[in-house]
Amino acid sequence: MASNPIPALLEQIDELLTASSSPDEPATLARLERTLTDGYAHALSLEAEQLRLERRMTELAGELLEGEPLSARATQRGEKVLGIDAHQRRF
């Protein structure tokens, strides 16, 4: 994945919460909808990455059962899945 969009999303949420404009104004509604869309898109990308990594870990586990040594790359992937899972819970 590219850069971490969470700080920007959190900043947008803070701005919306502290905005002096009415939540019914079209511009405010548009910003709110955009922020929600960005947040959902990020959550979906995290979920897709987690599924991809879990599939790869399953493949690697199968190779391990077949007697092939577990690579350092497989260990890194497992750690990345755990990091994504923790990130999803925070988000």
Taking R0 as 25 Å, what's the FRET efficiency between Ser3 and Glu33 from their Cβ-Cβ distance, rounded to 0.05?
0.65
Net charge over other residues, Cβ less than 12 angstrom from the Cβ of Gln12 (K, R count +1; D, E count -1)
-3
For Ser45, what charge total do you get from the other residues with a beta carbon under 11 Å from its beta carbon, if Lys and Arg give +1 and Asp and Glu give -1?
-2
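FYI, it's all coordinate maths here, none of it is from the lab. Note that this is a predicted model, so its numbers are computed, not measured. All Cβ positions, even for glycine, are placed from backbone atoms using ideal geometry, and neighbour counts span all protein chains on display.
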